[in-house]
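Before any comments, here is the structure.
Readers should treat all values here as calculations from the given coordinates under stated rules, not as data from a laboratory. Just so we're clear, the structure is a prediction, and the values are computed from it rather than from any experiment. Note that we place each Cβ from the backbone using ideal geometry, even for glycine, and neighbour counts take in every protein chain shown.
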Amino acid sequence: MNREREDRKEERGPRLSEKEKQLAAWVPKTALGKKVLAGEITDLNQIFDSNEVILEPEIVDKLIELEEKMVDVKKTTRVIAAGRQFSFRVSVLVGNRNGFVGIGTAKDNEKWPAVRKAAKTAKLNLIRVRRGCGSWQCACGKGHSVPFKVTGKNASVRVTFLPAPNGVGLVAGNVIKDVLQLAGITDVWTNVKGATDTKLNFIRAAIDALAKTTSMKLSDSISKKQEAERRNA
């Protein structure tokens with residue numbers, strides 16, 4: 001009997017994960033998605049370099065492995081004629097710990113469908129983070145921190161990241177640490193201002209700050225330092 005079961009398992013082949021099933025059934029609707037599925041684009045950096053917009057989460061799933069973390073859940077109640085109706089608003093943070101991170105928020109009447117929707121939205125909101133060794137106290141030339149001081153904002157919250165030398169760690173609150181870790185930053189000093197009870201605003205402000213590492217134009221000296229870091233990587 002056991003032998004028969006093993007034979008049937010071999011015939012069926014290995015079980016596919018949920019992600020693998022979705023990718024196997026994926027039929028791209030955009031030109032970018034078709035290029036990714038055809039193997040014409042094999043690196044997510046190619047998409048960001050060409051400033052193309054990602055409209056399908058499967059594009060991200062096809063190119064990189066992401067970690068997901070639920071960072072905020074709110075349950076709301078609405079009274080209707082049939083009685084009370086519950087809904088969930090969920091925020092999910094995604095990142096590959098190597099320069100890409102994103103946040104997504106979604107609503108649904110059930111918690112886990114809301115989580116899945118939020119994860120898909122986070123993949124569409126993915127940003128690329130430029131890492132570097134911007135501290136004058138460190139000359140390791142590795143991308144362990146931010147390359148220069150950056151400030152992000154969301155509502156009343158302001159988050160500033162300053163380059164830190166290797167070994168300092170993440171001098172930040174737990175909420176912002178999640179963003180930094182999933183982005184692949186290991187050393188940074190943080191300065192925050194604003195209402196401390198607005199968790200989601202802190203996360204969005206932190207991501208806004210990290211997005212500025214790639215949107216800001218670099219000076220010649222920083223560009224040369226970045227080039228040296230890439231050679232040493």
The range 29-136: which GluC sites (Glu not before Pro) are DSSP loop and have at most 16 other beta-carbon atoms within 10 angstrom?
-> E40, E52, E65, E110
List the lysines whose alpha-carbon lies under 24 Å from that of K149, not counting same-chain residues fewer than 8 positions away?
-> K177, K193, K199, K212, K217, K224, K225
Length gained if K19 through M70 is fully extended, taking 0.36 nm per residue and subtracting the Cα-Cα distance, is 16.6 nm
